[in-house]
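What follows draws every value from the coordinates through simple rules; no lab data is involved. A quick note: this is a predicted structure, and the numbers were derived from the prediction, not measured. All Cβ positions, glycine included, derive from the backbone under ideal geometry; neighbour counts span all protein chains shown.
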Amino acid sequence: MTVIVDVETAKTAARALRKDLAARGVDLTHSAALELVAHQLGHRDWNTASALLDRDRREPPQLGAPVPVLRVLDGAVGREFYASLGFELLWEHRFEPDLPLYQRLRRDEVTVDLSEHYGDGVPGAVLWVPVRDVRALHAELRPKLWAHQRPGLEEDAPGGPTFTVGDPYGNHLRFCQPPRGQGA
């Protein structure tokens, strides 16, 4: 039977070994206990054991949800617009007071970064955002949008009922209610 042990489990075993031996009157340093545990696991010494145990327990990389970076020319204007859509500021960063602003905003499961940095994206990006109830979102957002925006609801759009909102810098959020089981 193969037992998979990681470094933390081996260290815990070494602490238990020291404690048990101390109860029997045998004084052992922590490093000596680590060496004994390494030998019990079939390794030459603790350094070899810890290197191999760490290697063996590494998990494969796993991708997280992407965070789109949208180019904005004025971070305050961008933040105000996205706040009107219900996004909350998570954090912001500037390297120095007169340098470009970088912000992260979130609403529900949608995270977007707004960047004033020249090389971060280009205005005109489109984000496709799946929505559980696009009609309710449309009703919620329509009164909050800037006066010139009156997005209609396309009932027969290819991905399901959809409406699109454009930010002040030409980026578009396409809110869509896909049919059940198809991407929401």
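Pick from Arg71, Arg174, Arg55: which is most flexible by mean-square fluctuation in a GNM of the chain where alpha carbon atoms under 10 Å apart are linked?
Residue with maximal mean-square fluctuation among Arg71, Arg174, Arg55: Arg55.
List the relative contact order of segment 69-176 as a percent without decimals, with contacts defined as Cα pairs under 8 Å and 6+ residues apart. Mind showing how you got there, number by number?
On the way: 185 pairs, mean separation 30.5, N = 108.
28 percent.
With springs only between Cα atoms under 10 Å, which of Pro60, Pro168, Pro151 fluctuates most in a Gaussian network model of the chain?
Judging by the Gaussian network model, the answer is Pro60.
How many nm is it between the label spots at Ala51 and Asp98, if each spot is 7 Å from the Cα in line with the beta carbon?
Distance between label points: 5.1 nm.
What's the ranking of 88-101, 118-131 by average number of surrounding C-beta atoms within 10 Å, highest first? Mind showing how you got there, number by number?
Working: 88-101: 10.9, 118-131: 14.3.
Per-residue Cβ counts within 10 Å, averaged per peptide and sorted highest first, yield 118-131, 88-101.
Can you figure out the FRET efficiency of Gln62 with Glu88, using R₀ = 25 Å and their beta-carbon distance, to the nearest 0.05?
Values: r = 26 Å, r/R0 = 1.05.
Plugging the Cβ-Cβ distance into 1/(1 + (r/R0)^6) gives 0.40.
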